[in-house]
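J.: Quick one: this structure, given as structure tokens, is what I'll be asking you about.
The values are calculated or read from the model by the stated rules, or taken from the named source; none is laboratory data. What you see is a predicted model; the values in this text were computed from it and never measured. Virtual Cβ from ideal backbone geometry, glycine too; neighbours counted across all protein chains shown.
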Amino acid sequence: MRLVRPENWHLTLLFFNDLARTERDIVWETIARGAAAGAWRDLAFAWQGLALWPSSRRPSLIALEGAPYAPARQWPIAPLLGREPFSKADTEHFEPFRPHITVIRFDPRWRKTIGPEWEAVMRDVPPLDPARIRFNRVSFLLSTLTKDQPVYERERMVGV
């Protein structure tokens with residue numbers, strides 16, 4: 001298991017399938033305009049606690065999970081998801097948007113043993129103060145899944 005350092009915590013707004021460079025430019029322009037207009041400023045989620053994610057039957061990580069967040073439908077990108085290149089997004093976790101922050105990653109081969117060990121794992125997790133979580137930027141990351149771990153390369157960023 002590997003704790004994710006709090007300074008690396010992030011909230012994924014949307015996953016996109018492979019986008020060409022020009023398509024990434026189009027998506028990013030919309031994200032940057034939304035950030036400039038305050039679309040992601042002062043996010044306030046009702047955190048429900050730590051949970052196995054994406055489900056307790058097939059977990060790949062332990063996350064701080066929030067209640068569905070209806071205001072996500074008002075984000076500038078939401079009404080565009082039906083047209084390209086925005087339609088290349090994976091909207092499974094967007095409708096309804098369920099925020100989660102990865103706190104602990106573990107090898108997926110542990111899936112069969114994590115259930116029985118859940119209580120012991122929870123005893124070893126440092127205390128969390130969800131009220132102190134603040135978001136200060138929106139980033140466009142390119143991700144690569146390697147054998148050892150995912151690699152995230154920040155392509156663009158704007159403060160909120």
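J.: Taking residue 40, is it of a type in the set (A, V, I, L, M, F, W, C), in contact (Cβ under 8 Å) with a residue 60 or more places away in the chain and either in contact with a Leu (Cβ under 9 Å, 6 or more places away or on another chain) or surrounded by fewer than 17 Cβ atoms within 10 Å (Cβ to Cβ) (or both)?
T.: yes
J.: A further question on this structure: Could you figure out which of (1) farther than 22 Å from residue 145 by Cα; (2) at pLDDT 85 or above; (3) out of contact with any helix residue (DSSP H, G or I) (no Cβ under 9 Å at 6 or more places or on another chain) isn't true of residue 80?
T.: Of (1) farther than 22 Å from residue 145 by Cα; (2) at pLDDT 85 or above; (3) out of contact with any helix residue (DSSP H, G or I) (no Cβ under 9 Å at 6 or more places or on another chain), only one is false for residue 80: (3).
J.: Just to be sure I understand the filter: pairs with C-beta atoms under 6 Å, separated by 6 or more residues or on different chains, first member in the range 85-105 and over 23 Å from residue 25 (Cα atoms), second member of a type outside the set (A, V, I, L, M) and at pLDDT 85 or above. Which pairs pass?
T.: 96/68; 97/69; 98/68; 99/45; 99/66; 99/69; 100/65; 101/9
J.: Can residue 30 be described as in a helix (DSSP H, G or I) and surrounded by fewer than 18 Cβ atoms within 10 Å (Cβ to Cβ)?
T.: yes
J.: Further question: Could you grab the pairs with beta carbons closer than 6 Å, sequence gap of 6+ or different chains, first residue in the range 137-160 and of a type in the set (Val, Ile, Thr), second one loosely packed, with under 11 Cβ neighbours inside 10 Å and part of a strand (DSSP E or B)?
T.: 151/144
J.: With the checklist (1) touching a residue at least 60 places away in the same chain (Cβ under 8 Å); (2) farther than 23 Å from residue 155 by Cα; (3) surrounded by fewer than 17 Cβ atoms within 10 Å (Cβ to Cβ) in hand, flag the one item residue 4 doesn't pass.
T.: If we test residue 4 against (1) touching a residue at least 60 places away in the same chain (Cβ under 8 Å); (2) farther than 23 Å from residue 155 by Cα; (3) surrounded by fewer than 17 Cβ atoms within 10 Å (Cβ to Cβ), just (2) comes out false.
J.: Still on this model: Here are the criteria: (1) within 16 Å of residue 130 (Cβ to Cβ); (2) among the acidic types (Asp, Glu); (3) surrounded by fewer than 16 Cβ atoms within 10 Å (Cβ to Cβ). Tell me which single one residue 65 does not satisfy.
T.: Failing condition for residue 65: (3).
J.: Identify the residue in the range 130-160 that is among the small types (Gly, Ala, Ser) and modelled with pLDDT under 90 and, among all such residues, is nearest to residue 100 (Cα to Cα).
T.: Across the range 130-160, the extreme among qualifying residues is 131.
J.: Also: Please work out if residue 19 is crowded, with 16+ Cβ neighbours inside 10 Å, hydrophobic (A, V, I, L, M, F, W, C), out of contact with any strand residue (DSSP E or B) (no Cβ under 6 Å at 6 or more places or on another chain) and over 17 Å from residue 91 (Cα atoms).
T.: No; evaluated as a whole, the condition is false for this residue.
J.: Working only within the range 59-94, note down all residues that are in contact with a Phe, Trp or Tyr (Cβ under 8 Å, 6 or more places away or on another chain), closer than 28 Å to residue 106 by Cα and aromatic (Phe, Trp, Tyr).
T.: Hit for the range 59-94 is 69, nothing else.
J.: Of all residues in the range 1-28, count the ones that are over 17 Å from the mean Cα position of the chain (by Cα), closer than 18 Å to residue 100 by Cβ and not charged (D, E, K, R).
T.: Selection size over the range 1-28: 1.
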